[in-house]
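Inspection log for the structure reproduced underneath, given as structure tokens.
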Amino acid sequence: MDAKSPLTAKARGGRAPYTFLVNGAPVAIAQPQPSAEIPNPGPGFARMTVIDADGTSASASIRLH
């Protein structure tokens, strides 16, 4: 995968709309579906977070090569 290619983030559960964050910065706001194309943060570790309409959030740390 090209380091500049966007990533697809997917959430399971929750209630729309969804907001996706990378390292605490919003990258996809008010998404009607529980998935979004997000900018590739580049190599290293990143923290992905999704927040639903009720304010419930889930996070995961990922490592990109």
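Checking residue 3 against (1) among the hydrophobic types (A, V, I, L, M, F, W, C); (2) modelled with pLDDT of 95 or more; (3) open to solvent by less than 70 Å² (accessible area, probe 1.4 Å), which test does it fail?
All conditions are met except number (2).
Let's see how each residue does on (1) of a type outside the set (Lys, Arg); (2) exposed (fewer than 13 other Cβ atoms within 10 Å of the Cβ); (3) in a loop (DSSP other than H, G, I, E, B); (4) touching a residue at least 60 places away in the same chain (Cβ under 8 Å):
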residue	(1), (2), (3), (4)
14	yes, no, yes, no
19	yes, no, no, no
29	yes, yes, no, no
36	yes, no, no, no
42	yes, yes, yes, no
47	no, no, no, no
60	yes, yes, no, no
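Taking the range 49-58, which residues are of a type in the set (Asp, Glu) and open to solvent by less than 40 Å² (accessible area, probe 1.4 Å)?
Passing the criteria: only 52.
The values are calculated or read from the model by the stated rules, or taken from the named source; none is laboratory data. Keep in mind that what you see is a predicted model, and the values were worked out from it rather than measured. As a convention, Cβ positions derive from the backbone with ideal geometry for all residues, glycine included, and neighbour counts pool all protein chains shown. Only protein heavy atoms, including side chains, enter the accessible area calculation; ligands, DNA and RNA are left aside. Shrake-Rupley method; radii C 1.70, N 1.55, O 1.52, S 1.80 Å.
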